[in-house]
Amino acid sequence: MDLSTLVTLTTGAALLTCVLAVLGLHACTTGRAQRAELVDRLALTSGAPQGRRRRFRSLDRRLRRTALGRKLELRLAATGLDVTPGEFTACMLAVVAALWLLGQAALAPFFGPLAGLLGIWAAVQFLNWQRARRIEKFINQLPELARILANATQAGLALRTAIGMAAEELEAPAGEELGKVAHQLALGASMDDALGELADRLPSRELVVLVTTLVLSNRAGGQVVSALRNLTETLEERKETRREVRTQLSQVNMTSYAVPVLGVGALFLMNGVKAGALDRMTGSPLGQAAVIIAFALYAVGFFLIRRMSRIDV
């Protein structure tokens, strides 16, 4: 084999390699775009909030593959926030970094990690508070929902049609949640699965009773109108009872949040009275252990007060 033939073969192999590399890069880019489109379509199918350009899509796709990400997605769906798991995680990390730097600058370097953990706890508590607030609003709408379903069923409409009618007439959050159920039913999901997902998103005893009544009526038939009317009266009574209990426990709930706030305020007061006191205190292992024990006791006090004030109605 002469030199010219070897150069020709080498050049051809190099060109073929370049062509295959370009084709592989094009196929990889197309596949990523199709995957992103599929994820957005599945999010739309599941009833996730849409209407604006989503950020941190790569992080969002990675989170959705994990069990923690799917749990976070379900929790965000229950809160009704127009935020994806990736966006929430990115915001939480930014808050944790800001609190970390603030704790180091305002108190002492030892308090940086503790402030970061406080940011994570605050993010989780915010989700729990938003979820509980939305569930409470939904529970307050359940008597009206049961009344609309009973009237529609008595008029001869099918349960699927009655759910769609209730989604149009009720305000958020009941209207939005029933809209998701109606959308899933239109895509071919069964009544049991659609209502079961609703009960998973907004867990409450009242909703479980309503879902069980609708599912059993859809399976076996029966007097669904009378059952819904009796359920409406029961839900009205439970609504008033829950309001009275919440009013009685409002002061106790505020006390549970005041306990950790007083602890953090005491740290700022101590550092303000004598500059550098916290830095010297946390400079030894004994002082660090004392701070960690104090924070742990404040956390235990918070959870004990919340636990003792929890009354299931």
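So here's what we get for this one:
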read-out	value
Selection count, the stretch 160-177, where residues are in contact (Cβ under 8 Å) with a residue 12 or more places away in the chain, assigned to a helix (DSSP H, G or I) and not aliphatic (A, V, I, L, M)	5
Answer from ASN253, ASN230 - the residue that is touching a Ser or Thr at 6+ places or on another chain (Cβ under 9 Å) and surrounded by fewer than 15 Cβ atoms within 10 Å (Cβ to Cβ)	ASN253
From the options ALA78, ALA97, residue that is at pLDDT below 90 and assigned to a helix (DSSP H, G or I)	ALA78
Residue in the stretch 202-216 that is under 20 Å from the mean Cα position of the chain (by Cα) and farther than 18 Å from THR232 by Cα present	yes
Selection status of ALA123, out of contact with any Lys or Arg (no Cβ under 6 Å at 6 or more places or on another chain), open to solvent by less than 30 Å² (accessible area, probe 1.4 Å) and touching a residue at least 12 places away in the same chain (Cβ under 8 Å)	yes
Pairs where the first residue, in the stretch 136-151, is within 14 Å of VAL208 (Cα to Cα) and open to solvent by 20 Å² or more (accessible area, probe 1.4 Å) and the second is modelled with pLDDT under 85 and not in a helix (DSSP H, G or I), C-beta under 7 Å, 6+ apart	none
Candidates LEU202, LEU235, LEU210 - the one that is closer than 30 Å to LEU159 by Cβ, touching a Phe, Trp or Tyr at 6+ places or on another chain (Cβ under 7 Å) and open to solvent by less than 50 Å² (accessible area, probe 1.4 Å)	LEU202
Odd one out for VAL225 among (1) open to solvent by less than 60 Å² (accessible area, probe 1.4 Å); (2) modelled with pLDDT of 80 or more	(2)
Any hit, the stretch 297-304, residues being over 30 Å from LYS137 (Cα atoms), free of Cβ contacts under 8 Å to residues at least 60 places away in the same chain and part of a helix (DSSP H, G or I)	yes
The listed residue being in a helix (DSSP H, G or I) and open to solvent by less than 60 Å² (accessible area, probe 1.4 Å), out of LEU267, LEU286, LEU262	LEU267
Cβ pairs under 7 Å, 6+ apart, first in the stretch 280-293 and within 13 Å of LEU114 (Cα to Cα) and in contact (Cβ under 8 Å) with a residue 60 or more places away in the chain, second open to solvent by less than 70 Å² (accessible area, probe 1.4 Å) and among the small types (Gly, Ala, Ser)	THR282/ALA108
Where a residue in the stretch 78-107 is under 16 Å from SER58 (Cα atoms) and without any contact (Cβ under 8 Å) to a residue 40 or more places away in the chain and its partner, wherever it lies, is open to solvent by 60 Å² or more (accessible area, probe 1.4 Å) and outside any helix (DSSP H, G or I), with Cβ under 7 Å and at least six apart	GLY86/PHE56; GLU87/ARG55; GLU87/PHE56; ALA90/PHE56
Flag for LEU157 being open to solvent by 20 Å² or more (accessible area, probe 1.4 Å), over 24 Å from ASP82 (Cβ atoms) and part of a loop (DSSP other than H, G, I, E, B)	yes
Residue within the stretch 178-192 that is surrounded by fewer than 17 Cβ atoms within 10 Å (Cβ to Cβ), part of a helix (DSSP H, G or I) and either touching a Gly at 6+ places or on another chain (Cβ under 7 Å) or not small (Gly, Ala, Ser) (or both) present	yes
Test for ALA115: is it more than 30 Å from ALA289 (Cβ to Cβ), in a helix (DSSP H, G or I) and not charged (D, E, K, R)	no
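The values are calculated or read from the model by the stated rules, or taken from the named source; none is laboratory data. Computed from a prediction, not measured in an experiment: that's the story for all the values here. Neighbour counts run over all protein chains shown; Cβ positions are idealised from the backbone, glycine included. Side chains included, ligands, DNA and RNA excluded: accessible areas come from the protein's heavy atoms. Shrake-Rupley method; radii C 1.70, N 1.55, O 1.52, S 1.80 Å.
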